[in-house]
Amino acid sequence: MSYLLDTNILSAYLRRPAGLAHRFTQYSGRLYTASVALGELFVWAYNRPDPTRILDTIAEMLQIEVHALDFDVDCAVTFGRTRIEARKRGIEFPSVDLMIASVALVHDLTLVTHNTSDFRNIPGLRIVDWLMP
């Protein structure tokens, strides 16, 4: 099984790698993130007084451990279809969360997030939380 890492998992790993190091080792070569999540991560980095250390750590993580997947046309189609199906059921999702979920769905990846409630109503999406004991 391969995994798509949400922004909160990536930021937790960057802040204290030891807490998630065993998962990153265990699933080496099968870890991905969405370009959309990277955008959120870069906002977090550039919001710091000196983003240099975080930016260097992100670059290292992307070279060694986590592969980035673009939000492409297939993801956009899945995003649109899923949003309309959810609206018909009276459910709304933040756009960024649904974009991240669409990447996971298109690539048949399990989404790793600490915000499981934000994603739990997305049909077909597998979710796991690596920060829960």
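The values are calculated or read from the model by the stated rules, or taken from the named source; none is laboratory data. In this text the structure is predicted, and so the values were computed from the model without any measurement. Reconstructed Cβ throughout: ideal geometry from the backbone, glycine too, with neighbour counts over all protein chains shown.
Some values worked out for this structure:
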| read-out | value |
| --- | --- |
| Test result for Phe42, crowded, with 19+ Cβ neighbours inside 10 Å and at pLDDT 95 or above | no |
| Flag for Thr82 being closer than 24 Å to Asp129 by Cα and in contact (Cβ under 8 Å) with a residue 24 or more places away in the chain | yes |
| Val36, sole failed condition from (1) without any contact (Cβ under 8 Å) to a residue 12 or more places away in the chain; (2) part of a helix (DSSP H, G or I); (3) not polar (S, T, N, Q) | (1) |
| Among (1) closer than 24 Å to Pro123 by Cα; (2) touching a residue at least 24 places away in the same chain (Cβ under 8 Å); (3) of a type in the set (Val, Ile, Thr), the one test that Val77 misses | (2) |
| Of the criteria (1) without any contact (Cβ under 8 Å) to a residue 40 or more places away in the chain; (2) surrounded by 11 or more Cβ atoms within 10 Å (Cβ to Cβ), which one Val103 fails | (1) |
| Of residues in the stretch 110-131 being over 13 Å from the mean Cα position of the chain (by Cα) and not β-branched (Val, Ile, Thr), the one surrounded by the most Cβ atoms within 10 Å (Cβ to Cβ) | Leu131 |
| Residues that are closer than 30 Å to Thr25 by Cβ, assigned to a helix (DSSP H, G or I) and either among the aromatic types (Phe, Trp, Tyr) or modelled with pLDDT of 95 or more (or both), drawn from the stretch 63-91 | Cys75 |
| Among residues of the stretch 16-32, those that are within 14 Å of His114 (Cβ to Cβ) and either surrounded by 11 or more Cβ atoms within 10 Å (Cβ to Cβ) or touching a residue at least 60 places away in the same chain (Cβ under 8 Å) (or both), counted | 3 |
